[in-house]
Amino acid sequence: MSENKKIDSRFGLKAALSLSVGLSAMMAGAGTIATAQEAGEEESRRLSTVTVTSTKREQTLQDVPVAVSVVDDEVIEKAEIQDLNDLQSVVPSLRVGQLQSSANTNFIIRGFGNGANNVGIEPSVGVFIDGVYRSRSAAQISDLPNLQRVEVLRGPQSTLFGKNASAGVISIITRKPQYERQGSLEATIGNFNAVRVKGDITGPLSDTVAYSLAANLNKRDGYAEDLATGALTNERNRWGLRGELLFNPSETLEIRVIGDYDKIDENCCVAGNLVNGPTGPIINALGGQLNFENPFSYEIFENFPSENEITNSGFSVQIDKEFDLFDVTSITAMRDVRSFTNQDSDFTSADLIGLNENDGQIDTFTQEIRLTSNNPDSRVDWMVGGYYFDESVVFDSDFQYGADFRGYADFLSGGALGLVESIVGLPVGTSFGQAGQGPRANAGQDNKAWSVFGTLDFHLSDRLTATVGLNYTEDDKDAFYSQVNTDVFSGLDLVAIGNQVLFQTAFAQTYAGFGVDATDQAAIAAFEAANPGTLAAVTAGSQAFATANQLDPSVNVLLGLQALQFLPPFLDFPNAVEGGFSNDSATTYTLRLAYDLTDNINVYGSYATGFKATSWNLSRDSRPFDSDFIAGSPVTNPAPSPIRNAGLAVNNLTAGTRFAGPEDSEVFEIGVKGAFDNFAFNLAIFDQTIEGFQSNAFTGTGFALANAGEQSTQGVELDFTWSPTDALTLNFAGTFLDPVYDSFPGSASGDLSGTTPSGIPDVATSVGFNYDFTVADWDSYVRADWQYSANTDFFDDPGNQALIDSVGYSREISEINASAGFENQSGVSVALWARNLLDDERITTAFPSVAQAGSISGYPNQPRTYGVTLRKRF
């Protein structure tokens, strides 16, 4: 980032701080007046009271002293929010990134988050549905169920939510079954032949048992077209079922049983060419096509459609029991995720990659139990609990070259692969880079974790509360990865082969100077007899020449082919040196003071820490740490290392990472919350740091997993809602950030210390309104929101960023969503809606094109969608 951009970013943050402090002071001054004027006027309140459970107690949004955004069912329905990806339009601190497949989605809060593109990496943002943890993005992206609200908790939440909430939590709360029979039917049609159907019904089975059933179907044609195959991509094809039973055998006991199943079967996701590098003409020469630097045409060329098949299923039981002094809550859950993906990852119609399959299974068992005090007259409220997590992850991957890969490699190498085939004695033209060659792997991990936690709220006075929270977590992982690789060329030691070629060349040329044919052993023997010692001298001199020049690409020309060894042999683990086991433990805590300035305004200050356990690199890019292996061809006599000493070294093995160590986060935060009859606001000012942030960067042929030394963000979050009349509600939410890599010397892009992380906007806002009115007997509304997010760099790597800067693509978001609806007294309603109304265009994520050096690909955002929804409530 340039110095000017740093100054602009800090100026924006300071301006936001000044605005925020001024607003809070104004509200504090107004609060005394409001309290006197509005006492006893609750019946005139235009803004409803919002209840949250972000601290695992029911509190109002005003009273809960944490930074949390709440989106209720009314907003979700009116704004046509269908999944977590849509949620970011009304929660600016949240970013959701849809990557190369339906199963790869990344959630980011305050600029922190990871968890996609490697099944071994658990997310830094925890997603919970009805108190049950969803550990991977494939289990989180389904259409939202029958919702009551969504709470987005910002900043470390490990004290109450455990090991993988170092950046924040998304908590989804659904409606319980009701004892009054009711339900709804909903049908939507939209552009791209969209069809959505939803239905739910709930009611009593007896005086003490209620049920609910819900089903949903979401289908839509893709908005991008593959001109090579004729397939439409970025489609929607999802459905789900959900059933619940609620038992209330007594006034003090409630049992909630939930079962759900949903399935995704889609062609996703479109990636367009952003920068056409030097490999573009080669693609064309092979007969392939590429829509050069035209991503917003939504027209691509691939040689087979992508596959994304995901099934989610689960069963949970929540038991709530009230006793005289405390309440007990137990949540037991079992979840199962199956995912299969296959993608033409070169994103061209040339058959470079013939297969890229990943077939995974995740089985998860969780158990939480907590005891919560319930004495409203006590000066101390307390909570203690325990949590157990047991998960098994297994997957198979199969990556194969396509029919055009050999031709592509020949273009890049000038036909040198055939030379190497002849050198090593293999059939020329049919040995290297052949269709079907590549690695097949089996990998997985078993993860067991447990934690104990507790909080104490000391009510020091009627207005002042001090909170202490503590969590101790232990996390054990057993990981493994094994591979069979049929890519013959990538397994060749080109240093050693080049050494042999150089030796033979020097040997032959030396004897040629003596007039002797080096291929004629009899001639060499005769010359030796006439000139004793010549053979030894020529041999030694030739070997010395080969050794001196084996690493010089101008002499050993075979070294230039190493860039084509995309898939080198893999050292399986665990092995005799690497155990494949990690054991982490951490104590996290929260310290907080909350004070009610008035009945309408609260302030708080807090310090909290968070923890995320070790993430194993379960990919073909996993490599031994440099402490276990020193790379180098045996002919270069590399220094001893444990793996080489154990005889485990394989050709072309390099050092890297097997895992990224734990993340430790902390946040200092002060906040102000206010709620009046027609106005509410929330302000948070924070300084958040993550040490050991787990970075997983794509390099063009693989992912580099590493711990950043330290990444921090200072920021301000402000939201307010104002209802100037009974009919009109205005809302604003803004996030202003100043992120930096405080220390990241070992990144895949070099030393990034002191630079601004890519992909984190310094300004993100959401502005909206809702206007209610009546037409005849129809209750009606009009609403709209504008989502804005400042432009950011696409890459931490300055070389790749320079490439994309040369063509001028932007990540700036400026989207307007709008809707209007009408409902009569019989529960019949109709809604007209549009998302991205003005068809804003941007690139959501960019990456180096796979095996196409100098080219950049990226994902264009979803174009305008619109439709009409009919609904009947009963």
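Values computed for the structure shown
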{"item": "For the chain, with +1 on Lys and Arg beta carbons and -1 on Asp and Glu, the positive-most of 355, 565, 255 along the dipole", "result": "565"}
{"item": "Paramagnetic reach from residue 185 in segment 854-874 [backbone N under 11 Å; point 7 Å along Cα→Cβ]", "result": "871-874"}
{"item": "Efficiency of FRET from Cβ geometry, residue 474 and residue 440, R₀ 35 Å, rounded to 0.05", "result": "0.50"}
{"item": "Fully extended contour minus Cα-Cα distance, from residue 251 to residue 430, at 0.36 nm per residue", "result": "56.8 nm"}
{"item": "Surface accessible to a 1.4 Å probe, per residue, for the residues of segment 424-475, Å²", "result": "43"}
{"item": "Cβ-defined net charge surrounding residue 314, 14 Å radius [Lys, Arg +1; Asp, Glu -1]", "result": "0"}
{"item": "Kirkwood-Stokes translational diffusion coefficient of the chain, alpha-carbon pairs, 25 °C, 0.890 mPa s, µm²/s", "result": "82"}
{"item": "Net charge contributed by nearby residues that have their C-beta within less than 14 Å of residue 579 (K/R +1, D/E -1)", "result": "-4"}
{"item": "Modelled FRET efficiency - R0 51 Å, residue 769 with residue 265, Cβ distances, 0.05 increments", "result": "0.85"}
{"item": "Peptides ranked, highest mean first, by Cβ atoms within 10 Å: ranges 249-256, 486-493", "result": "486-493, 249-256"}
{"item": "DSSP bridge pairs, segment 121-245: antiparallel proportion in percent, nearest 5", "result": "90"}
{"item": "Protein accessible area in segment 159-226, 1.4 Å probe - carbon and sulfur %", "result": "57"}
{"item": "Segment 774-874, relative contact order [Cα under 8 Å, separation at least 6], %", "result": "27"}
{"item": "Stretch gain in nm, segment residue 378-residue 776, where the contour uses 0.36 nm per residue and the Cα spacing is subtracted", "result": "138.0 nm"}
{"item": "Distance violations [Cα-Cα > 30 Å] among 321/448; 163/198; 263/872; 163/321", "result": "163/198"}
{"item": "Simple spin-label estimate for residue 670 and residue 687 in nanometres, 7 Å along Cα-Cβ", "result": "1.1"}
{"item": "Rounded accessible area per residue of segment 539-646, 1.4 Å, Å²", "result": "42"}
{"item": "For the chain, calculated [θ]222 nm from helices alone, where every DSSP H run of n ≥ 4 adds -39500 (n - 2.57)", "result": "-4500 deg cm²/dmol"}
{"item": "Local electrostatic count, residue 299, Cβ distance below 10 Å [Lys/Arg +1, Asp/Glu -1]", "result": "-2"}
{"item": "Within the accessible area of segment 720-874 (1.4 Å probe), percent carbon and sulfur", "result": "58"}
{"item": "Cβ crowding within 10 Å averaged over residues, with 652-665, 368-381 ranked highest first", "result": "652-665, 368-381"}
{"item": "Residue-normalised accessible area of segment 197-319, given per residue in Å² at a 1.4 Å probe", "result": "40"}
{"item": "Linear extension gain, residue 825 paired with residue 853, 0.36 nm per residue minus alpha-carbon span", "result": "3.8 nm"}
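The values are calculated or read from the model by the stated rules, or taken from the named source; none is laboratory data. None of these values were measured; they are calculated from a predicted model. Cβ coordinates were reconstructed from backbone atoms using ideal geometry, including for glycine residues, and neighbour counts include every protein chain displayed. Accessible surface is based on the protein model in full, side chains and every heavy atom, while ligands, DNA and RNA are left aside. Shrake-Rupley method; radii C 1.70, N 1.55, O 1.52, S 1.80 Å.
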